[in-house]
Amino acid sequence: MAILSILEFPDMRLRTKAVPVDPATIGDPDFQRQLDDMLETMYAAPGIGLAASQIDVHQRFLVIDISEEKSEPCVFINPEIVDKSGEQVYQEGCLSVPGIYADVTRAETITVRHLDRHGQVQEFQADGLLAVCIQHEIDHLNGKLFVDYLSPLKREMVRKKLTKMRKHAA
Ligand code: QAP
Ligand code: CO
C-alpha cells in the first residue's frame with residue numbers, strides 16, 4: 001500500500017468534475033489497490049473521509065471511516081443521494097484545506113445509493129456525522145469544496161491564511 005499526496009486548495013484540479021467508474025473495472029487489482037491506498041492515506045492523515053478528486057483521480061469514488069476505532073472502512077463507488085431531508089449545521093474541515101474549520105449547513109438525513117468494493121449495489125439511510133461526511137465527499141466529486149459555502153471574503157481569507165502557512169512551513 002502507499003500514502004498518496006493530497007491536492008490542496010486553491011489547486012484548480014480540485015475543481016474537476018469526476019466521471020463515473022465503469023463497474024466492470026471494480027474488480028481490477030489496480031482499482032482495488034487504489035481503494036486501499038486511499039484508505040491508508042485517509043487513516044495516516046488522519047481523516048474521516050477522502051474523495052478520489054483529492055488524490056488527482058477524477059473518478060466517482062470515495063472512502064469514509066467515522067468510527068472511533070478506525071475499524072469501519074467504507075467505500076462508495078458512483079454514489080448518488082436519492083433522497084434528503086432536514087437541516088444540520090456541522091463544523092467541517094478538509095484534508096485539502098488543512099487547519100481551516102467552518103460551520104456548514106447540510107441535509108440532516110440522506111438516502112444514498114452506491115456500489116461497494118465488490119461492485120454490489122447498496123442503498124441506505126444516513127444521518128448525523130455520516131450524512132455530513134457523505135455530502136462533503138460527494139461535493140468533491142463535483143469539484144466543490146466546503147469553503148465554497150463561505151462568503152467570498154471569508155474564502156479569500158482562507159486562501160491567504162493557507163499561503164501564509166505554506167510560506168512558514170517552507
Ligand atoms: C470531511 O474531513 C468532513 O484541517 C473529512 O489539519 C469533515 O477528514 C466531514 C483534517 C468534518 C464531516 C465533518 C483536516 C485533518 C481532516 C485538517 C477530514 C487537518 C487535519 C479532515
Ligand atoms: Co474534503
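Any chance you could count how many residues in region 12-39 are more than 23 Å from residue 145 (Cβ to Cβ) and part of a helix (DSSP H, G or I)? Explain how you work it out, then say what you get.
Of region 12-39, the ones more than 23 Å from residue 145 (Cβ to Cβ) are 22-33, 36.
Now restrict to residues that are part of a helix (DSSP H, G or I): 23-25, 29-33, 36.
Number satisfying all stated conditions: 9.
Can you work out which of the residues in region 127-153 that are surrounded by 13 or more Cβ atoms within 10 Å (Cβ to Cβ) and over 16 Å from the mean Cα position of the chain (by Cα) is nearest to residue 56 (Cα to Cα)? So, considering only residues that are surrounded by 13 or more Cβ atoms within 10 Å (Cβ to Cβ) and over 16 Å from the mean Cα position of the chain (by Cα), the one nearest to residue 56 (Cα to Cα) is 150.
Considered as a group, the residues in region 54-71 that are within 10 Å of residue 18 (Cα to Cα) and among the hydrophobic types (A, V, I, L, M, F, W, C) include one that is farthest from ligand 1 (Cβ to nearest atom), and that residue is 57. Residue 110 falls short on exactly one of the conditions (1) out of contact with any strand residue (DSSP E or B) (no Cβ under 6 Å at 6 or more places or on another chain); (2) outside any loop (DSSP other than H, G, I, E, B), and that condition is (1). The one condition from (1) in a strand (DSSP E or B); (2) within 16 Å of ligand 2 (Cβ to nearest atom); (3) surrounded by 16 or more Cβ atoms within 10 Å (Cβ to Cβ) that residue 4 does not meet is (1).
Consider residue 116 carefully, then state whether it is without any contact (Cβ under 8 Å) to a residue 40 or more places away in the chain, of a type in the set (Asp, Glu) and surrounded by fewer than 16 Cβ atoms within 10 Å (Cβ to Cβ). Spell out the reasoning first.
On the way: without any contact (Cβ under 8 Å) to a residue 40 or more places away in the chain: no; of a type in the set (Asp, Glu): yes; surrounded by fewer than 16 Cβ atoms within 10 Å (Cβ to Cβ): yes.
So residue 116 fails the test.
Do any residues in region 29-57 that are without any contact (Cβ under 8 Å) to a residue 24 or more places away in the chain have Cβ atoms under 6 Å from those of residues that are surrounded by fewer than 16 Cβ atoms within 10 Å (Cβ to Cβ) and among the hydroxyl-bearing types (Ser, Thr, Tyr), where the two are at least six apart or on different chains, and which pairs are they? Filtered contacts from region 29-57: 31/25. For region 122-148, a residue qualifies if it is under 18 Å from residue 10 (Cβ atoms), of a type outside the set (Asp, Glu) and within 12 Å of ligand 1 (Cβ to nearest atom), and the qualifying residues are 136, 140, 145, 146, 147.
With respect to residue 25, determine if the residue is touching a helix residue (DSSP H, G or I) at 6+ places or on another chain (Cβ under 7 Å), loosely packed, with under 14 Cβ neighbours inside 10 Å and over 22 Å from residue 3 (Cβ atoms).
Details: touching a helix residue (DSSP H, G or I) at 6+ places or on another chain (Cβ under 7 Å): yes; loosely packed, with under 14 Cβ neighbours inside 10 Å: yes; over 22 Å from residue 3 (Cβ atoms): yes.
Judged against the criteria, residue 25 is a match.
Screening residue 122 against (1) in contact with a His (Cβ under 7 Å, 6 or more places away or on another chain); (2) within 12 Å of ligand 2 (Cβ to nearest atom) leaves a single unmet condition, (2).
Could you please let me know if residue 75 is crowded, with 19+ Cβ neighbours inside 10 Å and modelled with pLDDT of 95 or more? The answer is yes for residue 75.
The values are calculated or read from the model by the stated rules, or taken from the named source; none is laboratory data. Keep in mind that what you see is a predicted model, and the values were worked out from it rather than measured. Please note: Cβ atoms are built from the backbone with ideal geometry, for glycine as well, and neighbour counts cover all protein chains shown.
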